[in-house]
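First the structure, which I've put down as structure tokens, then a few questions once you've had a look.
The values are calculated or read from the model by the stated rules, or taken from the named source; none is laboratory data. Every value quoted in this text rests on a predicted model; they were computed, and no experiment measured them. Quick reminder, even Gly has a Cβ in these numbers, built from the backbone with ideal geometry, and neighbours come from all protein chains shown.
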Amino acid sequence: MSLNLPTSNKQLADLCNRDGEFKLAARFWNGALRLLVGDRALSLQLNNGIAAAGTLELSGDVISISGPAGLWELLLAQTPPRFCNDIAPLMRAGMTVEGNITTYAQYYPAIMRMIELLRPPAADQPVSEAGQGGRHDAPTGRYIHLELEGQDYRIYYEEAGRGIPLLLQHTAGCHGAQWRHLFEVPEITDRFRLIAYDLPFHGKSLPPIGTKWWAEEYKLTGRFARSLPLALAHALELDRPVFMGCSVGGVLALDLAYHHPDEFRAVISLEGSLRIADRDHEGAEEQLALLWHPQVSNEFKARAMNALMSPTAPEAYRKETSQVYSAGWPPAFLGDLHYYSGEYDLRGKAQDIDTRKVAVHILSGEYDFSGTLEMGREAHQAIRGSSFTPMDGMGHFPMSEDPQRFIQYLLPTLDQIAITAH
């Protein structure tokens with residue numbers, strides 16, 4: 001494959017200045033960007049977000065992104081292959097970023113948008129949810145008070161459907177709206193009572209009254225994460241519900257199967273693993289700190305989530321998934337990672353999960369480079385009697401980034417659970 005790069009820095013600047021998304025993401029940027037594509041160099045000078053052709057003498061903070069031509073060919077492909085759709089995963093393969101890391105995080109959304117503009121145009125999957133004005137979606141929402149670790153928490157949840165109760169846990173830093181598409185599928189709601197809840201400090205679940213939570217760093221622990229679905233199930237008098245979670249909810253699913261097999265008839269782990277290794281590479285802690293930084297907005301976090309999604313997912317749903325992250329309480333995402341990629345570790349324990357008591361189903365997306373497909377398969381191999389479904393063309397947020405495709409992967413698992421319930 002040959003690269004079809006702009007013939008000049010001016011052409012690159014014009015390309016960026018004509019694009020509304022780039023202009024919004026680059027606002028207030030005073031600095032410069034240099035791309036070193038093999039032996040080819042392209043550069044932009046940014047003045048309050050307006051791009052101009054760069055020269056050899058760039059001024060201000062200069063962000064340089066470099067790598068061999070082969071990596072750039074993968075990154076700039078019309079449909080980038082697995083783990084090549086973003087700078088972040090390619091940094092583990094030899095792509096380098098030089099310059100002020102804070103500036104890079106501040107304008108990472110603009111940088112990635114510029115890279116998208118360098119790709120050949122790809123046909124998007126149009127989505128439409130238009131319907132009669134005034135219609136209601138299926139779920140109804142309520143608040144319930146739960147006592148968790150000695151504190152009263154006002155927990156928001158939405159539900160729809162009837163039959164086998166199915167608790168739904170969102171991803172780190174997010175909320176239950178990620179599951180909205182499942183609520184509208186009769187093949188699911190005719191057999192399952194869906195209950196999607198928001199963790200405290202997320203979505204509509206507010207912090208507790210009576211503790212100075214604002215004076216302490218928020219950190220999600222496994223004990224607290226496990227306590228919420230247990231308390232909710234007991235309060236709603238659910239008979240051995242099914243639990244399904246994604247990302248932090250995906251590892252929680254396996255954690256619940258290990259610690260509380262008698263409380264659930266089945267768990268469905270989306271993007272789960274025995275351990276998440278996001279902190280194991282050089283510079284990981286410095287990069288994680290940028291997720292809650294006084295000089296970096298939630299836009300960095302939101303755009304970073306796109307790196308975990310499949311480039312074949314509909315753009316509208318990818319952008320919706322990112323928007324939910326940008327709207328979250330800033331410390332929540334990093335605090336959830338304390339459990340997800342820090343405390344959580346089922347290595348040496350998962351083989352003790354008794355799938356005769358609690359069925360275990362693991363589904364992993366092809367493009368997810370956090371809880372990878374290989375890590376999901378490893379968890380499946382460790383848990384005797386579990387099932388494993390690789391999801392081609394899917395990323396880290398299957399239920400929200402490409403819901404129609406995900407539902408087709410999910411239905412056979414739900415069919416199996418429904419059969420064994422009778």
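Mind checking which pairs have a first residue in segment 146-168 that is at positive phi and a second that is crowded, with 21+ Cβ neighbours inside 10 Å, Cβ under 6 Å, 6 or more apart or different chains?
From residues that are at positive phi, the pairs are Gly161/Phe192; Gly161/Leu194; Gly163/Phe192.
A follow-up question, please. If you go through segment 324-375 one residue at a time, how many are under 20 Å from the mean Cα position of the chain (by Cα) and of a type in the set (D, E, K, R)?
The number of residues fulfilling the criteria is 6.
Being assigned to a loop (DSSP other than H, G, I, E, B) and touching a residue at least 40 places away in the same chain (Cβ under 8 Å) is the filter here; which residues of segment 69-87 pass it?
Matches in segment 69-87: Leu76, Ala77, Gln78, Thr79, Pro80, Arg82, Phe83, Asn85, Asp86.
While we're on this one: Can you tell which of Pro229, Pro311 is assigned by TED's automatic domain parsing to the domain that holds Pro207, crowded, with 22+ Cβ neighbours inside 10 Å and touching a Pro at 6+ places or on another chain (Cβ under 6 Å)?
Within the list Pro229, Pro311, the selection yields Pro311.
A further question on this structure: Count, please, the residues in segment 317-331 that happen to be out of contact with any Ser or Thr (no Cβ under 9 Å at 6 or more places or on another chain) and surrounded by fewer than 20 Cβ atoms within 10 Å (Cβ to Cβ).
Of the residues in that region, 5 qualify.
Further, regarding this structure: Kindly list, by first and then second residue, each pair from a residue in segment 170-197 that is in the same structural domain as Tyr156 (by TED's automatic domain parsing) to a residue that is assigned to a strand (DSSP E or B) and among the charged types (D, E, K, R), limited to pairs with Cβ atoms under 7 Å and residues at least 6 apart or on different chains.
Close Cβ pairs satisfying both conditions: Gly176/Glu158; Arg193/Glu159; Leu194/Glu159; Ile195/Glu159; Ala196/Glu158.
Something else now. I want to confirm something. Restricting to segment 143-182 and keeping residues that are under 27 Å from Glu129 (Cβ atoms) and acidic (Asp, Glu), which single residue is surrounded by the most Cβ atoms within 10 Å (Cβ to Cβ)?
Restricting to residues being under 27 Å from Glu129 (Cβ atoms) and acidic (Asp, Glu), the top hit is Glu158.
So, one more: Looking only at residues that are out of contact with any Lys or Arg (no Cβ under 8 Å at 6 or more places or on another chain) and aliphatic (A, V, I, L, M) in segment 70-87, which one is surrounded by the most Cβ atoms within 10 Å (Cβ to Cβ)?
Leu75
If you don't mind, another one. Could you list, in sequence order, all residues of segment 88-101 that are surrounded by 16 or more Cβ atoms within 10 Å (Cβ to Cβ) and either of a type in the set (Val, Ile, Thr) or in a helix (DSSP H, G or I) (or both)?
Scanning segment 88-101 gives Ala88, Pro89, Leu90, Val97, Ile101.
Considering each residue of segment 4-21, count those that are assigned to a loop (DSSP other than H, G, I, E, B) and surrounded by 14 or more Cβ atoms within 10 Å (Cβ to Cβ), and give that number. Walk me through it before giving the result.
Our first condition is that a residue be assigned to a loop (DSSP other than H, G, I, E, B); within segment 4-21, this holds for 4-8, 18-19.
Imposing the further condition that a residue be surrounded by 14 or more Cβ atoms within 10 Å (Cβ to Cβ) reduces the set to 5-6, 19.
Selection size over segment 4-21: 3.
Kindly list the number of the only condition in (1) more than 30 Å from Phe28 (Cα to Cα); (2) of a type in the set (A, V, I, L, M, F, W, C); (3) not in a loop (DSSP other than H, G, I, E, B) that fails for Leu290.
Leu290 satisfies every listed condition except (1).
Would you check which residues across segment 389-422 are touching a residue at least 60 places away in the same chain (Cβ under 8 Å) and of a type in the set (S, T, N, Q) and list them?
Correct list: Ser400, Gln404, Thr413, Thr420.
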